[in-house]
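Coordinate-derived values only; no laboratory data. Everything numeric here is computed off the predicted structure, so don't read it as measured data. A quick note on method: Cβ atoms are made from the backbone with ideal geometry, for glycine too, and the neighbour counts reach across all protein chains shown.
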Amino acid sequence: MSHLVAVLAGDGIGPEVTHEAVSVLQAVRPDLRFEEALIGGAAIDSVGEPLPAATLDLCRKASAVLLGAVGGPKWDKLEPVTLRPEVGALLPLRRELNLYANIRPAQTMTPLLHASPLKEERSKCDLIVVRELTGGIYFGQPRGRQNEGATALDTCIYHKHEVERIARRAFEIALTRRSVLVSVDKANVLETSRLWRETVDVVAQDYPQVSLSHMLVDNCAMQLIRDPGQFDVILTENMFGDILSDEASMITGSLGLLPSASLSDAKEGSVFGLYEPVHGSAPDIAGQDKANPIAAILSAAMMLDLSFSDQSGAAKIRNAVEEVLSEGIRTGDIYEEGSRLVGTKEMGRLIQSKL
Ligand code: IPM
Ligand code: MG
């Protein structure tokens, strides 16, 4: 059966990096079909809304979604905020497609160990943040302004079933790795966190092989810098995951290299997911052939791995990336003296040449 991949290139460097990721996918999997749709600022400019119905329809029809990036200064000040690419496209897309499990690996690559802001002997890390993506304070109602605008309100809500399903995901992932799971919350203050902790403890009974511990989020932020090597899988709620995943990504020193997946439940035997680089739309370098396409390309590898159960295709892509990096080929963001500077297209072409 030929899978359909929805391609939402978006704004800024999104189209450039996505183009390279699609080329790599085509080289490894000639059977995949691709269809493009508008999202973010590009969609606002051409049809007046950040997430057109046609885009959602295409995503629902597809087996997986490849996303570039959305947003930029041109659309940052639009009112109401629901017109802006982040709030008007990204959040409803996650919610509508039920992409509740956000998987964000942070793994140091040997050729780039020195790029970490941490001391080299401490910077080695290989962890995954499993972030709940469709609940919590990002979506809770009521929200808004009261008191003639002088009071602002957001609501953090979690339901037990939302915690259960993301916890199960995290335990399953831990089983495929070193089987060490740290669940992060703020249970000393928040009721949602106490529900979170209770629920994770119940799910843990089904996974006796996994070593589970709980950590408060402030301590986790500190531990990530003190000793990132202690972590294997970090399970946490939406907003804590937003913050901790940025922190974890920086430890690797190479934001431009990190992929991510946002997963829903299995649909006809395969897991539906949206795959995107962790980096944003970088409007300052858009259209200049400067962006690093590796995060997008590694996101494509995650797609093969998680949505299409094609571990060998995924490994081919990852190995090609490592090979190119070990040859000292670099885009500007990871450039160092003595290495060979290339643009987006050349980086993509070289990676393809290793496949
Ligand atoms: C992310 C981003 C988004 C989030 C923003 C752009 C809404 O920071 O994917 O981490 O907070 O989830
Ligand atoms: Mg974020």
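Here is how the numbers come out for the structure above:
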{"read-out": "Total charge dipole magnitude, the range 201-355, about the Cα centre, Cβ charges on Lys, Arg, Asp, Glu only, Debye to nearest 20", "value": "640"}
{"read-out": "Per-bin percent of Cα-Cα distances, the range 84-205 [5 Å]", "value": "2, 9, 14, 17, 16, 15, 12, 9, 4, 2, 0, 0"}
{"read-out": "From phi via Karplus (6.51, -1.76, 1.60), per-residue ³J(HN,Hα) for the range 41-46 in Hz, x at Gly/Pro", "value": "x, 4, 6, 4, 5, 9"}
{"read-out": "Three-way shape label, the range 182-273, alpha-carbon gyration tensor, a/c 1.5", "value": "oblate"}
{"read-out": "Residues GLU268 and ILE225, FRET efficiency given R0 of 41 Å [Cβ-Cβ distance, rounded to 0.05]", "value": "0.45"}
{"read-out": "Cross-link pairs LYS61/LYS316; LYS124/LYS354; LYS119/LYS345 - those with Cα-Cα distance over 29 Å", "value": "LYS119/LYS345"}
{"read-out": "The chain: most fluctuating residue of VAL70, VAL278, VAL87 per GNM, C-alpha cutoff 10 Å", "value": "VAL87"}
{"read-out": "Loop GluC sites (Glu not before Pro), the range 217-297 (other Cβ atoms within 10 Å of the site Cβ: 12 or fewer; DSSP)", "value": "GLU268"}
{"read-out": "Computed over the range 61-156: relative contact order in percent, which uses C-alpha pairs under 8 Å that are six or more apart", "value": "19"}
{"read-out": "Span-rule helices in the chain, defined as complete DSSP H runs reaching 15 Å or more along the axis (Cα) with Kyte mean at least 0.5", "value": "294-306"}
{"read-out": "Cα-based convex hull volume of the chain per residue, rounded to whole Å³", "value": "143"}
{"read-out": "Charge-dipole axis of the chain as Lys and Arg at +1 and Asp and Glu at -1 on Cβ define it, positive-most pick from CYS156, GLY136, VAL5", "value": "VAL5"}
{"read-out": "The chain: relative contact order as a whole-number percent, Cα under 8 Å and 6+ apart", "value": "22"}
{"read-out": "Rough spin-label spacing in nm, given labels placed 7 Å along Cα→Cβ, for GLN288 and ASP246", "value": "2.3"}
{"read-out": "Fraction of antiparallel bridges per DSSP, the chain only, in percent to nearest 5", "value": "45"}
{"read-out": "Computed E for GLU121/LYS160 - FRET, C-beta separation, R0 41 angstrom, nearest 0.05", "value": "0.45"}
{"read-out": "Nearest-20 debye value, the chain charge dipole, Cβ charges on Lys, Arg, Asp, Glu", "value": "360"}
{"read-out": "Qualifying trypsin sites (Lys or Arg not before Pro) in the range 1-88, DSSP loop, other Cβ atoms within 10 Å at most 10", "value": "LYS77"}
{"read-out": "Estimated [θ] at 222 nm from DSSP helical runs (n ≥ 4, -39500 (n - 2.57)) normalised by residues in the chain, nearest 500", "value": "-11500 deg cm²/dmol"}
{"read-out": "Base-10 log of normalised Debye intensity for the range 210-355 (one unit scatterer per alpha-carbon) at q = 0.09, 0.12 Å⁻¹", "value": "-0.34, -0.61"}
